[in-house]
1. May I ask which residue of G126, V78, T17 lies farthest towards the positive end of the charge dipole of the chain, with charges of +1 (Lys, Arg) and -1 (Asp, Glu) on Cβ and the Cα centre as origin?
2. Grab the DSSP H runs of the chain that are 4 residues or longer, score each as -39,500 (n - 2.57), total them, divide by all residues and round the 222 nm result to the nearest 500 deg cm²/dmol.
3. With a ≥ b ≥ c taken as the square roots of the eigenvalues of the C-alpha gyration tensor of region 3-235, please select rounded if a/c is under 1.5 and otherwise prolate if a/b is larger than b/c or oblate if it is not?
4. Please check: in the Gaussian network model of the chain (C-alpha springs, under 10 Å), which one of P98, P201, P120 has the largest mean-square fluctuation.
5. Within region 151-244, which trypsin sites (Lys or Arg not before Pro) sit in a loop by DSSP and count at most 13 neighbouring Cβ atoms inside 10 Å?
6. For the pairs K111/K222; K103/K205; K103/K163; K11/K222, note any where the Cα-Cα span goes beyond 29 Å.
7. Compute a Gaussian network model of the chain, connecting alpha carbons closer than 10 Å, and tell me which residue from A24, A73, A146 fluctuates the most.
8. For the chain, what does the relative contact order come out to in percent, with C-alpha contacts under 8 Å and a separation of six or more?
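Taken together, the values in this text are just the output of simple stated rules run on the coordinates, not laboratory data. Note that the structure is a prediction, hence the values are computed from the model and not measured. All Cβ positions, even for glycine, are placed from backbone atoms using ideal geometry, and neighbour counts span all protein chains on display.
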Amino acid sequence: MGELIAILSGKGGTGKTSLCAGIAEALAQQGEKVLCIDCDVGLRNLDIALGISQIGGLSFLDVCSGGYGLDMATVHPVYPNISFLTAPVTCPVEDIDPAAFSKMLTAARSKFSYILLDAPAGIETGFRLAARFCDRVILVTGADPASIRDASRAADVLETMGKENIRMIINRVQPKLFEAMDVTVDDIMDQSGLPLLGLVPEDQKVILSAAFRQPLLGYGKKGAAAACKRIAKRIRGLYVPVKI
Ligand SMILES: Nc1ncnc2c1ncn2[C@@H]1O[C@H](COP(=O)(O)OP(=O)(O)OP(=O)(O)O)[C@@H](O)[C@H]1O
Ligand SMILES: [Mg+2]
């Protein structure tokens, strides 16, 4: 049975989409079969982060509505272990039927080892749709106080939804900035109340790979790409020391 992982944040722009793509590529490289679902209804961009924006493809609504099967999802040309469903653009997220969404996810569990849901910012309907059926949550935060507060608030909402398996990625880490801010990873864990899944450094390859429509892992071997590989191993239950 595949595992369903929601990638959430609270605050916008923390790196959910970029890391969803990087982690999916790393899981695929490590031999796992992955389905990526863009849940950012109306503002989708996971296709760009995966480097496949030139390929049109099905939205998850096409599958939920019963017109298409999961075998029709876009297959990544570089990572054939990754299938992808984009988000619908015009359908309001409130109109998505949770029962149909759940049915699609149940079917996906038997075909993929990991299903990654890239959620929109905020803690509203889209957040809840992505979180509702997942087995575990990855909360992506920056080191700034606003991101940390929003991650902590998102974790509170998730707890009211009965979610227990919640871990945090601190993204865009810059050791010199940490020093200047007089902040440590421990401080961020204390402030957010969340256990750590990984640290991802500030890395311009994240921006460049998207700009050149390339997968992050094909574009860089160190920095954020290496961090995504370590995180993918931890998701798979392997012990990998935390480093930056
Ligand atoms: N580790 C990183 N180093 C440098 N730039 C990064 C890093 N992670 C993300 N970015 C950049 O930050 C911006 C926001 O990233 P991204 O779109 O992944 O965030 P998001 O949380 O999905 O945003 P939204 O809440 O709008 O969905 C993008 O321009 C991306 O390239
Ligand atoms: Mg996003």
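1. V78
2. Details: 11 runs with 99 residues, N = 244.
Estimated from H runs of four or more residues: -11500 deg cm²/dmol.
3. Values: a/c = 1.81, a/b = 1.29, b/c = 1.40.
Oblate, since a/c reaches 1.5 and b/c is not below a/b.
4. Taking springs between Cα atoms under 10 Å, the residue moving most is P98.
5. Filter output for region 151-244: K221, K222, K243.
6. Details: K111/K222 31 Å; K103/K205 37 Å; K103/K163 20 Å; K11/K222 27 Å.
Correct reply: K111/K222; K103/K205.
7. A146
8. That works out to 28 percent.
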